[in-house]
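Structure first, then comments.
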């Protein structure tokens, strides 16, 4: 992959008339046809060949509200599963009755 075949994230956002945050949300919303970016030393790029596919995927993205609801549901499920695992492992056996001191 040559550097000239890649477009920086900011240029892609400008070309699609969306913000960088919208690109991030769309990328993390697991859209079926969303192309994976190329990450070089922490910088995000897309292939020029994937630009049309990226535009189609952005059009199917439902926006921030849906993304945030799905994200919050995932967090709640993780917390619930974590709580269930923690409570399952902490069940103590019943303590034996205290002995009478005067017997």
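Regarding the stretch 21-38, can at least one residue be identified that is modelled with pLDDT of 85 or more, in contact with a strand residue (DSSP E or B) (Cβ under 6 Å, 6 or more places away or on another chain) and closer than 28 Å to residue 3 by Cβ?
yes
Would you be able to say whether some residue in the stretch 54-70 is at pLDDT below 85 and farther than 30 Å from residue 11 by Cα?
Scanning the stretch 54-70, I find no residue that is at pLDDT below 85 and farther than 30 Å from residue 11 by Cα, so the answer is no.
So, in the stretch 41-59, how many residues would count as being in a helix (DSSP H, G or I) and surrounded by 12 or more Cβ atoms within 10 Å (Cβ to Cβ)?
Going through the stretch 41-59 one residue at a time, the tally reaches 9.
Given the condition free of Cβ contacts under 8 Å to residues at least 12 places away in the same chain, part of a loop (DSSP other than H, G, I, E, B) and either touching a helix residue (DSSP H, G or I) at 6+ places or on another chain (Cβ under 6 Å) or more than 25 Å from residue 29 (Cα to Cα) (or both), answer yes or no: does some residue in the stretch 61-84 qualify?
So far as the stretch 61-84 goes, no, none of its residues is free of Cβ contacts under 8 Å to residues at least 12 places away in the same chain, part of a loop (DSSP other than H, G, I, E, B) and either touching a helix residue (DSSP H, G or I) at 6+ places or on another chain (Cβ under 6 Å) or more than 25 Å from residue 29 (Cα to Cα) (or both).
Could you please find all residues in the stretch 25-40 being under 14 Å from residue 66 (Cα atoms) and either assigned to a helix (DSSP H, G or I) or over 10 Å from the mean Cα position of the chain (by Cα) (or both)?
Result: 25, 26, 27, 28, 31.
Give 4, 78, 62, 85 a once-over and let me know the one that is loosely packed, with under 10 Cβ neighbours inside 10 Å and out of contact with any strand residue (DSSP E or B) (no Cβ under 9 Å at 6 or more places or on another chain).
4
The values are calculated or read from the model by the stated rules, or taken from the named source; none is laboratory data. Quantities reported herein were computed from a predicted structural model and do not represent experimental measurements. Heads up, the Cβs are rebuilt from the backbone with ideal geometry, glycines too, and the neighbour counts pull from every protein chain shown.
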